[in-house]
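A short worksheet on the structure shown next.
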Amino acid sequence: MTKLLLSIHVLAAILAVGPIAVAASLFPRYARQAAAPRPEAPDDQRAAGVAALLHRICRGYAVVGIAVPVFGLATGAQLGVLTDVWLIASIVLTTVAAVILALVILPAQRGLLTAPQDTAAKGNSAVAARLAMLTGVFNLLWAIVVVLMIVRPGSTTGA
């Protein structure tokens, strides 16, 4: 049962968190293009549509991503490691990443999508820049969690 839970946990992490990381990282670029379209650049015309699609990907996969900690906790319980420091640190970092996604990244994306194009492009650009930075923090948190999962203290894998 442990191997099944671990397999589902890893697959869910790859298939849910991966698309969020990529889509959230690409979103600010297209949001900036959509906020300040240039007539001489026809690709800018589709930027709003691309940004909307990237936001839908982030939102949809965020819901699916709930499976990652659920199966992670089930796996940890099966392995008897729920009180290990590396797992507690991973849980804390995962919670911080989830809060950043739910309370900062997704609302900022929605705000940039719904902002009228006649608003100051500089304001939208600043929000997009802040969003890009926070997306980097989100991705860094997940990278740290992955490292903790692979090189966990007291591992019996010898890695």
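Can you list, bin by bin at 5 Å, the percent of alpha carbon pairs in the chain, starting at 0?
Per 5 Å bin, starting at 0, the Cα pair percentages come out as 1, 9, 17, 19, 15, 11, 9, 7, 5, 3, 2, 1, 0.
How do the peptides 89-99, 26-36 rank, highest first, by the average count of neighbouring beta carbon atoms within 10 Å per residue?
For the peptides 89-99, 26-36, the packing ranking is 26-36, 89-99.
Quick one: 3J(HN,Hα) in Hz for the range 140-152, Karplus 6.51/-1.76/1.60 with θ = phi - 60°, rounded, Gly and Pro as x.
Once θ is set to phi - 60°, the couplings for the range 140-152 become 5, 4, 5, 5, 5, 4, 4, 4, 4, 6, 8, 10, 7 Hz.
Report the gain in length on full extension from Val64 to Val92: 0.36 nm times residue separation, minus Cα-Cα distance, nm rounded to one decimal.
8.1 nm
With a sphere of radius 13 Å drawn around the Cβ of Ile105, what net charge do the other residues whose Cβ falls strictly inside it have (Lys, Arg +1; Asp, Glu -1)?
Local net charge: +3.
Whenever you get a sec, compute what percent of the accessible area on the chain sits on carbon and sulfur atoms (1.4 Å probe).
The nonpolar share, carbon plus sulfur, comes to 71 percent.
Taking a probe of 1.4 Å, how large is the accessible area per residue of the chain, in Å²?
Using a 1.4 Å probe on heavy atoms only, each residue of the chain averages 57 Å².
Mind checking the dipole of the chain: about its Cα centre, +1 per Lys or Arg Cβ, -1 per Asp or Glu Cβ, Debye to the nearest 20?
So the magnitude is around 80 debye.
Can you give the relative contact order of the chain as a percent, counting alpha carbon pairs under 8 Å and 6+ residues apart?
After rounding, I find 32 percent.
The values are calculated or read from the model by the stated rules, or taken from the named source; none is laboratory data. This is a predicted model, so every value here is computed, not measured. Backbone-built Cβ (ideal geometry, glycine too); neighbour counts: all protein chains shown. Note: accessible area is taken over every heavy atom of the protein model, side chains too, but ligands, DNA and RNA are not part of it. Shrake-Rupley method; radii C 1.70, N 1.55, O 1.52, S 1.80 Å.
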